[in-house]
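**Q** So that we are looking at the same thing, I have put the structure below in structure tokens.
The values are calculated or read from the model by the stated rules, or taken from the named source; none is laboratory data. Model, not experiment: these values are computed from the prediction. Here Cβ is always computed from backbone atoms with ideal geometry, including for glycine, and neighbour counts include all displayed protein chains.
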Amino acid sequence: MIEEIFGSHHSFSDIGYCRATLFCLLLKLDLVMMNPFSIENPGPITSSEDPLAKYTALYKGMILQIEKDGLWWAGEVLTTLDDGRAVVHYLGWDLSYDEIVPRSRLQLDKEAAEKAKAVGPMEIMNQPGPIEPSGIALAPNEVSVGDHVHVDWNGHWYLGKVTRIYDDGQIGIHYVGWNQTWDEVLDITRLQKAP
């Protein structure tokens, strides 16, 4: 996340990199100390359908909705970047889920935290971690519903199961061991054959 905020031109010995690292750690510490959330892993909430206006100001601590994989989640702004994007935290979720998002993935909702508490905790399955990819590319004619495949998700590979093949070539995927809210539709270039 630090490289995305401050650029990748810093080296470990660079004082700017050290300051950036410290800045992010302090942001996360401040979040944990100042805004404890009583529900762990709350589920998605109903969309407020109140998108940000072009000039809506975002500020640290602002509660709003964050779109992730077609669902809306209660979140908080940690900071904003010069290009208009925001560093956000998903309320009730581990800090490892924090991310940088464009304004188009944010909606106004002062009641988002209360909505998340009302929804309650999401069923968390065993959520197996990343796997070693097979390195074997798939052709469109090699994929069938029910097949197990390796799926690239943000540079990490997970075991998935094909749930649907769409007319446009997109493929519906369920991540094995994960809640169905993580299911997604993706391009075959993100898949490899599972041995």
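**Q** I'd like to check something: does segment 129-151 contain any residue that is of a type outside the set (D, E, K, R), closer than 17 Å to PRO44 by Cβ and assigned to a helix (DSSP H, G or I)?
**A** No, segment 129-151 contains no residue that is of a type outside the set (D, E, K, R), closer than 17 Å to PRO44 by Cβ and assigned to a helix (DSSP H, G or I).
**Q** To continue, here is another question. Might you check whether a residue that is of a type in the set (Gly, Ala, Ser), at pLDDT 55 or above and over 24 Å from GLU111 (Cβ atoms) occurs anywhere in segment 24-40? Steps first, answer last, please.
**A** If we filter segment 24-40 for residues that are of a type in the set (Gly, Ala, Ser), which is where we start, we get 38.
Next, from what is left, pick out any that are at pLDDT 55 or above: 38.
Okay, now just the ones that are also over 24 Å from GLU111 (Cβ atoms), so none.
The answer is no; no qualifying residue exists.
**Q** Something else about it: Look at TRP157 and say whether it is more than 21 Å from LYS54 (Cα to Cα), out of contact with any helix residue (DSSP H, G or I) (no Cβ under 7 Å at 6 or more places or on another chain) and either surrounded by 19 or more Cβ atoms within 10 Å (Cβ to Cβ) or aromatic (Phe, Trp, Tyr) (or both).
**A** In short, yes.
**Q** Residues ILE171, ILE188: which one is under 30 Å from THR46 (Cα atoms) and either surrounded by 17 or more Cβ atoms within 10 Å (Cβ to Cβ) or touching a residue at least 40 places away in the same chain (Cβ under 8 Å) (or both)?
**A** ILE171
**Q** In segment 48-71, which residue that is within 19 Å of the chain's Cα centre (by Cα) and farther than 16 Å from ALA112 by Cα is modelled with the highest pLDDT?
**A** Once the filter is applied, the top-ranked residue is GLY70.
**Q** On the basis of being more than 16 Å from ALA113 (Cα to Cα), of a type in the set (S, T, N, Q), out of contact with any Lys or Arg (no Cβ under 6 Å at 6 or more places or on another chain) and modelled with pLDDT of 55 or more, does THR80 make the cut?
**A** In short, yes.
**Q** Residues of segment 51-81 being charged (D, E, K, R), surrounded by 13 or more Cβ atoms within 10 Å (Cβ to Cβ) and more than 22 Å from GLN127 (Cβ to Cβ), which ones?
**A** LYS60, GLU76 - these are the residues of segment 51-81 that are charged (D, E, K, R), surrounded by 13 or more Cβ atoms within 10 Å (Cβ to Cβ) and more than 22 Å from GLN127 (Cβ to Cβ).
Results for (1) touching a helix residue (DSSP H, G or I) at 6+ places or on another chain (Cβ under 7 Å); (2) modelled with pLDDT under 95, shown as yes or no for each residue.
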residue: VAL88; (1), (2): no, no
residue: GLY92; (1), (2): yes, yes
residue: GLU99; (1), (2): no, yes
residue: LYS110; (1), (2): no, yes
residue: GLU114; (1), (2): no, yes
residue: GLU132; (1), (2): no, yes
residue: ILE136; (1), (2): no, yes
